[in-house]
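This report concerns only the one structure given below.
The values are calculated or read from the model by the stated rules, or taken from the named source; none is laboratory data. Please read all numbers here as calculations on a predicted model, not as lab measurements. Glycine also receives a Cβ, built like all others from the backbone with ideal geometry; neighbour counts cover every protein chain displayed. The area values use the complete protein model at the heavy-atom level, side chains included, leaving out ligands, DNA and RNA. Shrake-Rupley method; radii C 1.70, N 1.55, O 1.52, S 1.80 Å.
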Amino acid sequence: MIESAAASVTYLFSDIEGSTRLWEADPARAARTVAWHDEVSRSAVQRHRGMIVKTTGDGVHAVFEDPADAVAAVIDLQLALAEPSAERALLSVRCGLHLGTDQRRDNDFYGPAVNRAARIMSAAHGGQVLVSGAVAERVVGRLPQVVVLRDLGAVRLRDLGSPEHVFQLIHPALRKEFPPLRSMATTPNNLAQQLNSFVGRDRDMAQVQQLLASSRLLTLLGMGGLGKSRLSVQVAAVVLDNYADGVWFVELAALADPQLVPQAVASVLGVKEEPGGTVTDALVRFVRDRQLLIVLDNCEHVVQACAVLAKRLLEAGPTVQVLASSRDSLRIAGEIVFPVAPLPAPHKDENTSTDALMAIDSVRLFIDRAKAVQPAFRLNEDSVRAVAEICRRLDGIPLAIELAAARVRTMSVEQIAARLDDRFRLLNRGDRTALPRQQTLRALIDWSHDLLDVKERVIFRRLAVFAGGWTIEAAEAVACGGEVTDEDVLDLLSELVEKSLVVIDVESDRYRMLDTVRQYALESLQASPDDGTTRERHLEFFVDYVENARPHLLGSQQGAWMRRLDAESENIFAAHQWCDKSPSGAESDVRLISALKYYWLNRGLLGHGYSIAKDAIRRKGLADLAERNARGLVDAGTIATFIGRYDEAREHFERGLQIARRLQDSELHFVVLQYLGEVEFSTGNRQQALRHAEEAEALARSAENPRMLAAALNARGQLLRVMDEFQAARLRYEEALKLFRELSDDENIVVAVLNLAITAVLTHESKEARLRLREALKIQREIGSQAAGQAILEIAAGLAAETGDWMTATELVNAAEAQAARSGLRRDPADQAFVDATVSRIQRVPDATDRDGSIGKDLAFEVAMHRVASWLETSAPS
């Protein structure tokens, strides 16, 4: 069988001719006949050392190492089908063989040679076997004496590639004479031979053919450079047989006058204007009784004229169909729109192995075009990451990828990837014979931009301020101003979507620009007087947004709001960066970090958050805003505490405490005492920590603030627990839990529940600990807190050690350590002491654990949480 993914192999494609009629006439008999065909095909392939790749509904796709085996198999197949039999009476099977070097993945094959083999088969008639010149060359002198190859010459296949030298396999027991091959020459058309290969889009090809079979007007919609024209030509070539009067391609890109659209169509069809009538009248008469497909390419700049003409032609001729490609739909009755997306591109964290990337269409396109300009180019371990980055950052846009690949002649792929920030200067050398707008990346988007009206251009550049996409509400708040009112925004945004410059994700109701389009729009924004005001509105919107989110980050709606902040994380960071230049930057940045600190904690992004916080408290002008300054210092200290940078945290808190006392702000005073207590505790100053905790509890009770009191009780419980005063700690945890439940504060409910679970483990109450962990796990699943998940792993490990399940204890504590390393979250001293005790217990029984202590270290967070959930449900305390 096939040993190497890059081996030279021979492909066999077969197809039952007329199978559709057979199924319609007698479904039961068709099922028996096709099953018999499949059995005969499989037997012939396997008998000659081939492999069935897959059945294709009415045929097979097989692969052979030796082309002589492929020829022997197809002869056996046709001889078996030629045997007199009631079952095969209606069977007529055509076959095609081709040899090529291709990639193999997941027991499937792909690439140009596979597609060409299928096209060779499509050119044959039922009962006919065609082989390519590559196969014929390898089997000459190795065929049975009774078998010969009849040279049919060079044939233009319907993949629009270069002509293929084709031979017919002749056997004395099989039919020899057939009509002319089904090639480009047998059906009227003006489809040009393409000079390079058509890569990918197999699914798009199938979907467009299916839509074309059920609609009379189909528009391929998408921004420039996506390959709409090439896709329409490839589809047109495949469906030639469906149109007795031909398939006709009309290129409209060069037209400057919309009134010339009818004349362009008439020129292609050979229709002349008659005296007393118009060109459109002549076209209407011409198509009335004809069965043809008209391909209108590049309609966007003459879209109104295309719509009018298409409607007239479709109304006049019932067997006329129109396939259009455009950046804007025609918007007439009966139109079906097929959005043409960029080619699939590697994700940021995609497996970058060579085999994995070779299955991605954008990568295959880059490699194909790179080899065209540099035949020695190969994808290897050194270049694979750079190629993946190029295809990803160019959004899978085919023209952009081709322009980048053209640079391989003089640059390494690493150099190309490094220069993509300046992509419009880098990608400026395309095909000299192409339309000017297809020769450079900038010209490509210039063409679309120039078709926008004044208001559309304004909102287009303003929307570039959004990083990572936006909602309608955000667009209405940020992109309005001047000549664009907030009522205009929705309609203008819809126009940009229609013109394929903005993409909408229907499931999330979010909009975005492809990165290349955004880079263009951003340059336009930076060069306009809108830049500063747009960024100020963006900053203001997202400061308000995160402050609105903050109350929901510690309640029953936490999970939903966390996900909303996930979606806006890039916008939030962009807002933070603008604070450097904003007149309100000092205050705005402090407001951002104050609202986001629990989000960063929940999502394991504390290092990122602390970097932003340090920027904020150092910002010029903050010292003049006493309250904002104090709260910024406290928030920075809080995050520093979370990640164990206690000396920095103490410095922040002490500065904040001075301001809080001067302002007589009891709530701020309380918060600083809480965190100062934790810092002192963490650095071994237990008595000082206890004094801070007692003062904080007294302050909360006097203020009659339940949230403050719950936090103070929980903090004091931590101190008491580490001093082995378990009953006193439990009482404070329980009172805190009651208050948190009344506040519907899920984030802190789970904290209190987990503290009670730890206390239960320490007091040998395994059943109680298990119940508390199950409750915590349920809440953690709802709110998605990684910090809570890490704690669950740690406490469950302690419980497993308590019950003697040493393997589970080892796995879970190692998984918790790995998660802590990923998130950067440091435990407070009480929790760290608990984990240390668990590790110590495990280490005292080495024979009961894995030898190298690695079990659990490589578990992904989600897998580890699944393991702990299963263990809590299935195990029972001894």
Please find, within the range 237-255, the residue that is modelled with the highest pLDDT out of those that are under 38 Å from the mean Cα position of the chain (by Cα) and open to solvent by 60 Å² or more (accessible area, probe 1.4 Å).
251
Here the residues within the range 555-583 that are more than 29 Å from residue 743 (Cα to Cα), small (Gly, Ala, Ser) and at pLDDT below 90 are none
Close pairs from the range 34-54: first open to solvent by 60 Å² or more (accessible area, probe 1.4 Å), partner at pLDDT 85 or above and part of a helix (DSSP H, G or I), Cβ under 6 Å, at least 6 apart:
49/69
Please verify whether the range 598-608 includes one or more residues that are in contact with a helix residue (DSSP H, G or I) (Cβ under 6 Å, 6 or more places away or on another chain) and within 23 Å of residue 663 (Cβ to Cβ).
no
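Filter the range 784-806 down to residues that are within 16 Å of residue 866 (Cα to Cα) and modelled with pLDDT of 90 or more, then give me how many there are.
Matching residues across the range 784-806 total 11.
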State which residue pairs qualify: first residue in contact (Cβ under 8 Å) with a residue 40 or more places away in the chain and inside the range 223-235, second residue part of a loop (DSSP other than H, G, I, E, B) and of a type in the set (Asp, Glu) in any location, beta carbons under 9 Å apart, and separation of 6 or more residues or different chains.
234/159
So which residues in the range 311-355 are without any contact (Cβ under 8 Å) to a residue 24 or more places away in the chain and not charged (D, E, K, R)?
318, 333, 351
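Of a type outside the set (Lys, Arg) and open to solvent by 10 Å² or more (accessible area, probe 1.4 Å): which single residue out of 729, 776, 752, 787 fits that description? Don't jump to the end; show me each part of the working.
Working: 729 fails: open to solvent by 10 Å² or more (accessible area, probe 1.4 Å); 776 fails: open to solvent by 10 Å² or more (accessible area, probe 1.4 Å); 752 fails: open to solvent by 10 Å² or more (accessible area, probe 1.4 Å).
Exactly one residue qualifies, and that residue is 787.
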Can you say whether residue 117 is farther than 30 Å from residue 268 by Cα and crowded, with 21+ Cβ neighbours inside 10 Å, as far as the supplied structure shows?
yes
Just one of the numbered conditions (1) touching a Lys or Arg at 6+ places or on another chain (Cβ under 8 Å); (2) farther than 27 Å from residue 223 by Cβ; (3) open to solvent by 60 Å² or more (accessible area, probe 1.4 Å); (4) not aliphatic (A, V, I, L, M) is not true of residue 377; which one?
(3)
Among the residues of the range 463-488, how many are of a type outside the set (Gly, Ala, Ser), open to solvent by less than 10 Å² (accessible area, probe 1.4 Å) and either assigned to a helix (DSSP H, G or I) or on the phi > 0 side of the Ramachandran plot (or both)?
2
Go through (1) touching a residue at least 24 places away in the same chain (Cβ under 8 Å); (2) in a helix (DSSP H, G or I); (3) among the acidic types (Asp, Glu) one by one and return the number of the condition residue 137 breaks.
(1)
Return a yes/no flag: does the range 344-351 have any residue that is surrounded by 22 or more Cβ atoms within 10 Å (Cβ to Cβ) and over 20 Å from residue 414 (Cβ atoms).
no
The range 711-749, subset in contact with an Asp or Glu (Cβ under 8 Å, 6 or more places away or on another chain) and of a type outside the set (Lys, Arg), residue farthest from residue 673 (Cα to Cα)
746
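Return a yes/no flag: does the range 489-503 have any residue that is of a type in the set (Val, Ile, Thr), in a helix (DSSP H, G or I) and within 21 Å of residue 576 (Cα to Cα). Let's see the steps before the verdict.
Start the filter on the range 489-503 by keeping residues that are of a type in the set (Val, Ile, Thr), which leaves 489, 497, 502-503.
Among the residues that remain, those that are also in a helix (DSSP H, G or I) are: 489, 497.
So of that shortlist, the ones also within 21 Å of residue 576 (Cα to Cα) come out as none.
No, there is no match, as no residue in the range 489-503 is of a type in the set (Val, Ile, Thr), in a helix (DSSP H, G or I) and within 21 Å of residue 576 (Cα to Cα).
For the range 527-537, state whether one or more residues are within 26 Å of the chain's Cα centre (by Cα), open to solvent by 10 Å² or more (accessible area, probe 1.4 Å) and in contact (Cβ under 8 Å) with a residue 24 or more places away in the chain.
Within the range 527-537, not a single residue is within 26 Å of the chain's Cα centre (by Cα), open to solvent by 10 Å² or more (accessible area, probe 1.4 Å) and in contact (Cβ under 8 Å) with a residue 24 or more places away in the chain.
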Is there a residue in the range 357-368 that is modelled with pLDDT under 85, assigned to a loop (DSSP other than H, G, I, E, B) and within 9 Å of residue 413 (Cβ to Cβ)?
no
Of the residues that sit in the range 287-318 and are within 20 Å of residue 191 (Cα to Cα) and open to solvent by 20 Å² or more (accessible area, probe 1.4 Å), which one is nearest to the chain's Cα centre (by Cα)?
291
